[in-house]
Amino acid sequence: MTFIITALIFGTALFVNNLLDKSRAGDLRSIQDTISLNILSSETQYDLLRETSCKNVNDSILSTELNSLEKKLSYLESDQSNEEFNYIKKYYELLQIKDFSLMQRLSEKCGLKPISILYFYGSKSDCADCEKTSAVLNHLRNTYPNVRIYSFDRRLSVSAVDTLAKIYKVKEPYPVLVINDETYTGFLSIDQMKDILPELKKIDKERALEARVSTSTDASSTKK
């Protein structure tokens, strides 16, 4: 009887694990397909920018998708260490560079002022502050939708990322952040980020003012 129960438990665990593996593989394929489409979209946008005016240009189509893909990859990363996952991460890093380059062109051509942060990180064992930095960047991404954060895993070998690192003189130790073309090594708190990016403080003030106006309006309506 004990043998049968043990066999059932083992069989159930094996079945569930197999289902999870298939689900993760499906997630990876879905992400890869999305990245492929977005890279093609990015290349098409480059062509359109040469031909169109800036009248209706105010954002990068890719950027809204980037955040979603980043979250999916972060979720899968804890369970994936195979070559397929690393291949997709490399593909994703190329997509980020495409988006960053596109926003640079939009900035030059149309006078936009995107808030972009390049984040270079290493392994947990070699990067004590990377986890804290990731938490700060996730907070900024969630709090300020107009902030674009491009993350690059330096454990991967991607020649385009190597070139980007050379341009901004990115070197160990990690984390390294590039903000407004300036390179910062080590951990930066949220307050330090806001000192470097006063646009964020401006957004905070505008939101606080809107909240006060809304509260005042609600209070007036209640009195009536």
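The values are calculated or read from the model by the stated rules, or taken from the named source; none is laboratory data. Note that the structure is predicted; figures quoted are calculated from it, not measured. Neighbour counts are summed over all protein chains in view; Cβ atoms, including those assigned to glycine, are modelled from backbone coordinates with ideal geometry.
Looking across segment 193-210, the residues that are within 20 Å of the chain's Cα centre (by Cα) and in a helix (DSSP H, G or I) come down to Met193, Lys194, Ile196, Glu199, Leu200. Among (1) in contact with a Pro (Cβ under 9 Å, 6 or more places away or on another chain); (2) in a strand (DSSP E or B), which single condition is Thr133 missing? It is condition (2) that Thr133 fails. Residues that are in contact (Cβ under 8 Å) with a residue 60 or more places away in the chain and of a type outside the set (Lys, Arg) were ranked within segment 117-146; the one that is surrounded by the most Cβ atoms within 10 Å (Cβ to Cβ) is Leu118.
Flag: Tyr121 matches the condition of being closer than 25 Å to Asn86 by Cα and not assigned by TED's automatic domain parsing to the domain that holds Leu95.
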